[in-house]
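The values are calculated or read from the model by the stated rules, or taken from the named source; none is laboratory data. Everything numeric here is computed off the predicted structure, so don't read it as measured data. Every residue, glycine as well, gets a Cβ built from its backbone with ideal geometry; the counts of neighbours run over all protein chains shown. For accessibility, only protein heavy atoms count, side chains too; no ligands or nucleic acids. Shrake-Rupley method; radii C 1.70, N 1.55, O 1.52, S 1.80 Å.
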Amino acid sequence: DVDSVYLINRLKSLNAELVRPKTRFFIFEYDFPDFSLRQRGALCRVRSEGDKVVWCYKGKKDKDAEKQGFKKQLERQEVVTSLENTCRMLEDLGMSCVAICEKDRTTYRFGGVTVDIDELPRIPVYVEVEADSEAVVERAVKQLGFKMSQTSTKSWKDVLKHYDVDVD
């Protein structure tokens, strides 16, 4: 569990830049009827981020990085003009929406790191720390006042499941 007031004050003390004030996100995850993406550890999603829509493919997680406490995976994304048309295109390709999530996200940046503070219904605040290297993530986690042993590589779906919130 993360104390968001503490975290925001800590980010301010590190002169972090507020990149995106709290914004409502809607996430629609897609897969084929045989769940072939999920079976190989990949996912396809369409996410509305306020006035922006992003289509994203995430590949299989790097198991070696995960053993060391980091989440590393191929990610390709593209800003698209229409949530509805993108979802229809995926459905035309034979996919179905298999999960939906609504959350509020606030984003900060400092020292080559992006910190996303996510607020989802029925669970405590969840934070993502992202950077180009594991060393930069470790440094940022320490600067924010946490230990790597307090971190997780769980996806938003895994976090919801941890708190017994149905996601499928």
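Conditions tested, residue by residue: (1) closer than 24 Å to VAL98 by Cβ; (2) open to solvent by less than 80 Å² (accessible area, probe 1.4 Å).
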residue: ILE123; (1), (2): yes, yes
residue: TYR126; (1), (2): yes, yes
residue: GLU134; (1), (2): no, yes
residue: VAL137; (1), (2): no, yes
residue: LEU144; (1), (2): no, yes
residue: LYS147; (1), (2): no, no
residue: THR151; (1), (2): no, yes
residue: ASP158; (1), (2): yes, yes
residue: LYS161; (1), (2): yes, no
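Of all residues in segment 21-49, those satisfying the criterion of being within 17 Å of LEU120 (Cα to Cα) and either touching a Phe, Trp or Tyr at 6+ places or on another chain (Cβ under 8 Å) or basic (Lys, Arg) (or both) are LYS22, ARG24, ILE27, ARG47, SER48, GLU49.
If you go through segment 59-70 one residue at a time, do you hit one that is in contact with a Lys or Arg (Cβ under 7 Å, 6 or more places away or on another chain) and modelled with pLDDT of 95 or more? For segment 59-70, residues in contact with a Lys or Arg (Cβ under 7 Å, 6 or more places away or on another chain) and modelled with pLDDT of 95 or more: absent. Return yes or no: is LEU160 in contact with a Leu (Cβ under 9 Å, 6 or more places away or on another chain) and more than 19 Å from LEU7 (Cβ to Cβ)? Here the answer is yes, as LEU160 does meet what is asked.
Of the candidates ASP132, ASP92, the single residue that is under 27 Å from ALA16 (Cβ atoms) and either within 13 Å of the chain's Cα centre (by Cα) or of a type in the set (Asp, Glu) (or both) is ASP132.
Going through segment 5-20 one residue at a time, which ones are in contact (Cβ under 8 Å) with a residue 12 or more places away in the chain and either within 15 Å of VAL125 (Cα to Cα) or surrounded by fewer than 12 Cβ atoms within 10 Å (Cβ to Cβ) (or both)? Selection gives TYR6, LEU7, ILE8, ASN15, GLU17.
Each row is one residue, and each column tells you yes or no for (1) part of a strand (DSSP E or B); (2) β-branched (Val, Ile, Thr).
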residue: GLU75; (1), (2): yes, no
residue: VAL79; (1), (2): yes, yes
residue: ASN85; (1), (2): no, no
residue: MET89; (1), (2): no, no
residue: GLY94; (1), (2): no, no
residue: LYS103; (1), (2): yes, no
residue: THR107; (1), (2): yes, yes
residue: THR114; (1), (2): yes, yes
residue: ILE117; (1), (2): yes, yes
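Return yes when ILE100 is open to solvent by 30 Å² or more (accessible area, probe 1.4 Å) and not small (Gly, Ala, Ser) and no when it is not. It is true that ILE100 is open to solvent by 30 Å² or more (accessible area, probe 1.4 Å) and not small (Gly, Ala, Ser).
Condition first: surrounded by 16 or more Cβ atoms within 10 Å (Cβ to Cβ) and either among the basic types (Lys, Arg) or without any contact (Cβ under 8 Å) to a residue 60 or more places away in the chain (or both). Now tell me which residues in segment 21-37 satisfy that. Matches in segment 21-37: LEU37 only. Could you go through segment 49-58 and let me know if any residue there is at negative phi, small (Gly, Ala, Ser) and open to solvent by less than 90 Å² (accessible area, probe 1.4 Å). No, every residue in segment 49-58 fails to be at negative phi, small (Gly, Ala, Ser) and open to solvent by less than 90 Å² (accessible area, probe 1.4 Å).
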